[in-house]
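The values are calculated or read from the model by the stated rules, or taken from the named source; none is laboratory data. Predicted model only: the values in this text are computed from it and were never measured. Because the Cβ atoms are built from the backbone with ideal geometry, glycine has one as well, and the counts that use them run over all protein chains shown. In case anyone asks, the SASA skips ligands and DNA or RNA and just uses the protein heavy atoms, side chains included. Shrake-Rupley method; radii C 1.70, N 1.55, O 1.52, S 1.80 Å.
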Amino acid sequence: MSSVPSTGAAGSRERRRTMNQITDTIREMGVVMTVLNLRAGEQVGLRDVELKALDVLMRDGAMSAKALGQRLGIHPATMTGILDKLEKSSWVTRERSPEDRRVVLIEPVRERVGEIVRLFTGMNTMAVGLLDRYDDEKLEAIAGFLDSMVTMAKEASKEWGA
């Protein structure tokens, strides 16, 4: 996607103002999504990091504890404690990989994660309603922008280690 230059000083100021509004809104979205996830977690007795682990497993499928910890940027010992709690509460199971019996895969329990999916039904319905307002070209632009933001956030977090 190519950049579109503004014409004149007024256009440049307006462009900067709009860009600042977008970056401020992204920051606010991070805050409100954190609050939403914290409240959802409270409904089912999960901490934010536990909910995030389940979300990754629900979207990406079964994986090793090491892979999940790396995906979440969590130390292996901490990840073990999280998984112990999730397994004890019947949110996940640990099964040997059929391809490599040395590897233990973490899998979400479908019936239990359905509880989480139901919590977000209203939010997902509203998001689809909002996205329905945009034509295909704008949806592609939004998807590209969000993909780029995710990539940048991943790169920025790598700079801080883990």
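When VAL49, VAL92, VAL44, VAL31 are checked against the criterion of being closer than 20 Å to SER157 by Cα and touching a helix residue (DSSP H, G or I) at 6+ places or on another chain (Cβ under 7 Å), a single residue qualifies: VAL49.
Any chance you could count how many residues in segment 80-106 are of a type outside the set (Lys, Arg), touching a residue at least 24 places away in the same chain (Cβ under 8 Å) and either part of a helix (DSSP H, G or I) or surrounded by fewer than 12 Cβ atoms within 10 Å (Cβ to Cβ) (or both)? Residues that pass the stated criteria total 3. Within segment 24-46, the residues that satisfy the criterion of being in contact (Cβ under 8 Å) with a residue 24 or more places away in the chain and closer than 25 Å to ARG118 by Cα are LEU36, ALA40, GLN43, VAL44, GLY45, LEU46.
Residue-by-condition table, conditions (1) over 21 Å from MET149 (Cα atoms); (2) open to solvent by less than 50 Å² (accessible area, probe 1.4 Å); (3) among the aromatic types (Phe, Trp, Tyr):
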| residue | (1), (2), (3) |
| --- | --- |
| ARG13 | yes, no, no |
| ILE22 | no, no, no |
| ARG27 | no, no, no |
| LEU38 | yes, no, no |
| GLU42 | yes, no, no |
| ALA53 | no, yes, no |
| LEU57 | yes, yes, no |
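Taking the listed residues ALA65, ALA127, ALA156, the one that is farther than 28 Å from GLY45 by Cβ and either touching a residue at least 40 places away in the same chain (Cβ under 8 Å) or open to solvent by less than 90 Å² (accessible area, probe 1.4 Å) (or both) is ALA156, with no other qualifying. Inclusion of GLU115 among residues that are of a type in the set (Asp, Glu), open to solvent by 50 Å² or more (accessible area, probe 1.4 Å) and in a helix (DSSP H, G or I) is warranted. Could you please let me know if GLY69 is of a type outside the set (Phe, Trp, Tyr), in a helix (DSSP H, G or I) and closer than 28 Å to VAL92 by Cβ? The answer is yes for GLY69.
When VAL109 is tested against (1) open to solvent by 50 Å² or more (accessible area, probe 1.4 Å); (2) out of contact with any Lys or Arg (no Cβ under 8 Å at 6 or more places or on another chain), just one condition goes unmet, and that condition is (1). Only a single item in (1) of a type outside the set (A, V, I, L, M); (2) over 17 Å from the mean Cα position of the chain (by Cα); (3) not in a strand (DSSP E or B) is not met by ARG59, and it is number (2). The numbered conditions (1) over 15 Å from the mean Cα position of the chain (by Cα); (2) over 14 Å from LEU54 (Cα atoms) are all true for LEU146 except (1).
Yes or no, residue by residue, for (1) within 18 Å of the chain's Cα centre (by Cα); (2) modelled with pLDDT of 95 or more:
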| residue | (1), (2) |
| --- | --- |
| ILE82 | yes, yes |
| VAL113 | yes, no |
| ARG133 | no, yes |
| LYS138 | no, yes |
| ALA141 | no, yes |
